[in-house]
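Below is one structure, written out as structure tokens; the observations come after it.
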Amino acid sequence: MDFIFRLLCALTVSVSLQSTVSAASRRTEDSSNVWEKRIRTSLNLLQRRPCWGLSEQAECHDRAIFSNPDTQKMRLYTAAGPKKVRVVLPDRKQRRLAHHSSRNNSYDAVFVIDPFPEASFGHLVFLFLVSYDVNETTCNKTLNGAYIFTDRSECIRRAEKFHCRNRVTTRQVKCEINFIPMVYYKDDSVKARRLRCRQKLINLRFATCPALENFPTRCSDNKPRCDNRGISKPDRYCSHKRCNHAVLVSGGWNSFASRQRYRRRLHNVWALLHSTMRYRKQFIRTFLGQGQKRELAKDQIEKTYVVDRTTKVRQYISNLCRSILCVETLTLYLTGPANSDGALMFWDRDQVGITDESKLYTPKQLLDDIRNCSARRVFLIADYSYSGAMINRLRNRISRHPDQFRNIMAISSTDWGEYAGRNNFTDVFIEKNKEGPVTKSVIQVFKDVKRDLRGSLSTPQIVTAPSSSFINITLDGYESNKSREAAKDFHPCKLIPRTDLPSSLPEK
């Protein structure tokens, strides 16, 4: 009897284990099935009704995206778990994201569809909020959602920014959700990102997931405590030579928005300025707001500074522009993620997912820093989403205060409400500066770039002060239409005539 009892117990345990494994297997399979059902339902609705889920007051400009959707050209992020999740957008003002919700609402699951995975952030993304145990009538009629039944009743709602002032204007882009949000468990003491990229479900396939750049070590390049070098200030005045200077800036934000291409751009622009335009390397400063330094040029790293806020960048640019007789040509190059106001975003150092003034370099701040700049000429080149906002603001400033911006030319890779796609604006700009047997003016380079990028996701813009003499000037201040061979003898530093020296100089 004892033997039979032990045998029955063993069989019971075996059956139980098999049942548990089978149930776990089904749950895993169900998980992918559930996600596929949620996403298919949402995509089908958007294909039939592009404005599905939006409130009556909102305008809908997304018709072309889902007219014939190819999920393999879109990127998918999902989050769900044992706890409810909360969603934070990087806006300083947090808004309601759905009907009958509050700013602090939590959800059972969240997913994001990125229709432009190769574009720089910010750009339009679609955020969906899932609530469990909601009946069909409440979901469809009260919550303006889509009801589905998986192993439970679920309601999918399309998120939007409520109470957004620009929703019904031509600048509706300000009301788009244009970043992968911060999603974390409701009860997390330390906010940890719960969204993860998924390349495939059961039958649906999506764009390749990027290699996320995480910097967990105490001394990664994004930790200011590990960069103990002080940033030397430019001279306050110069009595011997005026030289060409450059400042290269890359923003950051988080691992979703970080791109290796930003650092490659910094490297390539540095090489153009130093090798082709003969800027001296000690006068090219790089400010890195994200990632590692490994993509930068070897000689560039020495003058590269890690920054997690805009203060040091602004101080350095302002000091250059306030110096006396030091700067001949000043070239500023900016790239990285940006918000819809055209502000370059720096690293989210406290990992709360919300911007504040120290994390943003706005067009207004940039123009304040270069107003009345003492350089003979200033070239401002911006390659990021919404960079046309800076062009618009500068154009307005020039019309009101032409004397304050008399020596400035600005070029952006996009118009005001456009995203910076992977159209290689910077690469084409560099190529056009170097091609051909004769030197090219910056204006001619811009025309060539705009022609080559015709039909891309964005349209480059330019503005020049009316009193400036940029027509025949190259990026290093040399004349255009001169042989490349002759240009090699051009020096980026010029002796200061004694007649230009002031009668008295400030003390150092």
Exposure proxy check: 270, 35 ranked by fewest other beta carbons within 10 Å?
-> 35, 270
Which FRET efficiency, nearest 0.05, do residue 105 and residue 260 yield, Cβ-Cβ r, R0 30 Å?
-> 0.25
Global form of region 436-494, assessed from the alpha-carbon gyration tensor, a/c cut-off 1.5 = oblate
Residues listed by number, region 293-329, amide nitrogen under 20 Å from residue 496 label point at 7 Å toward C-beta = 316-329
Footprinting proxy, 52, 347: sorted fewest to most Cβ within 10 Å, the residues are 52, 347
In nm, to one decimal, how far is the residue 431 label point from the residue 294 one, both placed 7 Å along Cα→Cβ?
-> 2.7 nm
Inter-site label distance for residue 451 and residue 41 at 7 Å from Cα along Cβ, in nm = 5.4 nm
Additional length obtainable on full extension of the chain from residue 72 to residue 404, 0.36 nm per residue less Cα span = 114.6 nm
Sequence of 240, 245, 99 once ranked by neighbouring C-beta atoms within 10 Å, starting from the fewest | 240, 99, 245
Taking Cα pairs closer than 8 Å and at least 6 residues apart, the relative contact order of region 294-435 in percent is 24 percent
Can you give the extra length, in nm with one decimal, that the chain gains between residue 92 and residue 486 once fully stretched, where that is 0.36 nm per residue apart less the Cα-Cα distance?
-> 136.6 nm
Find out how many positive minus negative residues lie around residue 234, taking Lys and Arg as positive, Asp and Glu as negative, among other residues whose Cβ is under 10 Å from that of residue 234.
-> +3
Residue-span extension gain [residue 151 to residue 212] - 0.36 nm each, minus C-alpha spacing | 18.7 nm
Amide H partners (placed H, <5 Å) of residue 305, local residues excluded = 286, 287, 288
Rounded if a/c is under 1.5, else prolate if a/b beats b/c, else oblate: with a ≥ b ≥ c from the C-alpha gyration tensor eigenvalues square-rooted, which is region 243-330?
-> oblate
If amide H atoms are modeled at 1.01 Å from N in the peptide plane, then the residues at a separation of 5 or more from residue 324, or on another chain, having amide H under 5 Å from its own are 237, 238
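Any read-out appearing in this document is the output of simple, stated calculations on the displayed coordinates, not a laboratory observation. Quick caveat: nothing in here was measured; it's all calculated off a predicted structure. When we count neighbours, we look across all protein chains shown, and the Cβ atoms used for this are built from the backbone with ideal geometry, even at glycine.
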